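Comments concern the structure below.
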Amino acid sequence: MAKAPKVLVLNGPNLNMLGTREPDVYGREGLADIENACHAHGKTLGLSVDCRQSNSEGQLIDWIQGARESHDALVINPAGYSHSSIAIMDALLAAALPLVEVHLSNIHRREAFRHHSYVSRVADGVICGFGSRGYLMALDALALRLNTQQET
Ligand code: DQA
């Protein structure tokens, strides 16, 4: 049997606070709940899912660089770095992997400074506003892309 494609799910700063952080905006689930759901959903899709979170831009960049060798696709919620980090955008470009950007909230319905994401320029697709379900939708999109070679 072919090996399950490997997807790296990255979460950026302050997402370790999910559950207690602005629950009306980001929901009441903790990051561990979301990561468990990603592992379980990935399994049903034939994907092997790794999840990592960091508050540090450099750490996220190191993981993205490493993913080029170790993983087949990326899901990222860059959190606040979405709106500021050219360095994360450059790392994602260099990794050249299928990429879905996720935001729990609908960033376009929020403050103007959240409307622009550098990561969106280099992502294959963006999912925002569906809460934690967005991560599972991102895995669905990548499973289609990786398992069937279909464009999504
Ligand atoms: C977020 C939206 C960002 O604007 C914010 O800085 C976050 C979380 C989201 O998931 O909705 O930290 O990426």
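Structural remarks
- Screening the candidates Ser120, Ser85, Ser54, Ser48 for the property of being in contact with a strand residue (DSSP E or B) (Cβ under 7 Å, 6 or more places away or on another chain) and over 30 Å from Ala2 (Cα atoms) yields one hit, Ser120.
- With respect to the stated conditions, Leu146 fails to be surrounded by 22 or more Cβ atoms within 10 Å (Cβ to Cβ), within 30 Å of Lys3 (Cβ to Cβ) and away from the ligand (no atom under 16 Å from the Cβ).
- Those residues of the range 79-102 which are near the ligand (Cβ under 10 Å from one of its atoms) and open to solvent by 10 Å² or more (accessible area, probe 1.4 Å), in sequence order: Ala79, Gly80, Tyr81, His83, Ser84
- Leu139 falls short on exactly one of the conditions (1) within 10 Å of the ligand (Cβ to nearest atom); (2) in contact with a His (Cβ under 7 Å, 6 or more places away or on another chain), and that condition is (1).
- Of everything listed in (1) under 15 Å from the mean Cα position of the chain (by Cα); (2) under 13 Å from Gly131 (Cα atoms); (3) of a type outside the set (Lys, Arg), the single unmet condition for Pro23 is (1).
- Residue count for the range 17-37, restricted to those that are more than 11 Å from the ligand (Cβ to nearest atom), under 20 Å from Arg114 (Cβ atoms) and either in contact with a Pro (Cβ under 9 Å, 6 or more places away or on another chain) or open to solvent by 60 Å² or more (accessible area, probe 1.4 Å) (or both): 1
- Given (1) among the aliphatic types (A, V, I, L, M); (2) within 13 Å of the ligand (Cβ to nearest atom); (3) within 20 Å of Met137 (Cα to Cα), number of the condition Ala112 does not satisfy: (3)
- Scanning the range 41-92 for residues that are under 15 Å from the mean Cα position of the chain (by Cα), among the small types (Gly, Ala, Ser) and within 14 Å of Leu142 (Cβ to Cβ) yields Gly42, Ser48, Ala67, Ala73.
The values are calculated or read from the model by the stated rules, or taken from the named source; none is laboratory data. Everything numeric in this text was worked out from a predicted model, so none of it was measured. Note: ideal-geometry Cβ built from the backbone for every residue, glycine included; neighbour counts use all protein chains shown. With ligands, DNA and RNA removed, areas are computed over all heavy atoms of the protein, side chains included. Shrake-Rupley method; radii C 1.70, N 1.55, O 1.52, S 1.80 Å.
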